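Trainee: Can you keep this structure in mind? I'll have questions shortly.
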Amino acid sequence: QVQLVESGGGLVQPGGSLSLSCAASRSIFSIYAMGWYRQAPGSQRELVARMTSGGTTNYADSVKGRFTISRDNAKNTVYLQMNSLKPEDTAVYYCNAVDSGFIYWGQGTQVTVSS
């Protein structure tokens, strides 16, 4: 099992930046994939960015060139750097881990982009 705790959400103006962190309760070195999803009110949860243990990344088209996912195995932490934020990025952001056939979720952190 792995517990995931997100942090770093908040209110930011359009065009601004935020960095989210996801701290895992154990080593993430061997976890197959970790990523970020988001869910806006009235919408389904959607993939934002994902990184495998081998370093392969994939991003939603809507965030390519603006968001960057990274992981620090020594700190058991995954990050999401979000730049050039838009109002449509407003959502609850969830950390996700896929390991040995199981899927784990954090509790979510709110990101609001508004002037």
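Trainee: Summing Lys, Arg as +1 and Asp, Glu as -1, what charge do residues with Cβ under 14 Å from the Cβ of Gly65 carry, Gly65 excluded?
Mentor: Neighbourhood net charge equals +1.
Trainee: Counting Lys and Arg as +1 and Asp and Glu as -1, each charge on the Cβ, what is the dipole of region 66-115 about the Cα centre in debye, to the nearest 20?
Mentor: Numbers: 4 positive and 4 negative charges, 22 e Å.
With only Lys, Arg, Asp and Glu charged at Cβ, the dipole is about 100 debye.
Trainee: How far apart, in nanometres, would the label points at Arg45 and Val5 be if each is projected 7 angstrom from Cα along the Cα-to-Cβ direction?
Mentor: 2.0 nm
Trainee: Quick one: order Thr77, Thr68 from most to least accessible surface, probe 1.4 Å.
Mentor: The residues order as Thr68, Thr77, largest area first.
Trainee: Could you check how much of the accessible area of the chain is carbon and sulfur, as a whole percent, using a 1.4 Å probe? Display every interim value, and only then the final one.
Mentor: Numbers: 2900 of 5850 Å².
Carbon with sulfur: 50 percent of the solvent-accessible area.
Trainee: Springs between alpha-carbon atoms under 10 Å, Gaussian network over the chain: tell me which of Gly54, Gly16, Gly101 tops the mean-square fluctuations.
Mentor: Per the Cα network of the chain with a 10 Å cutoff, Gly101 tops the list.
Trainee: How long is the gain from Ile103 to Thr68 if the chain were fully straight, where each residue apart is worth 0.36 nm and the alpha carbon distance is subtracted?
Mentor: 10.4 nm
Trainee: Which one of Pro87, Pro14, Pro41 has the biggest mean-square fluctuation once the chain is modelled by GNM with Cα springs under 10 Å?
Mentor: Evaluated over the chain, the most mobile residue of the options is Pro41.
Trainee: Next up: Return one whole number: the accessible area per residue of the chain in Å², for a 1.4 Å probe.
Mentor: I get 51 Å² per residue for this part.
Trainee: Given Cα pairs under 8 Å that are at least 6 residues apart, what percent is the relative contact order of region 14-98?
Mentor: 44 percent
The values are calculated or read from the model by the stated rules, or taken from the named source; none is laboratory data. As the structure is a prediction and not an experimental result, all values here were calculated from the model. For neighbour counting, all protein chains shown are included, and Cβ atoms are generated from backbone atoms with ideal geometry for every residue, glycine included. The area values use the complete protein model at the heavy-atom level, side chains included, leaving out ligands, DNA and RNA. Shrake-Rupley method; radii C 1.70, N 1.55, O 1.52, S 1.80 Å.
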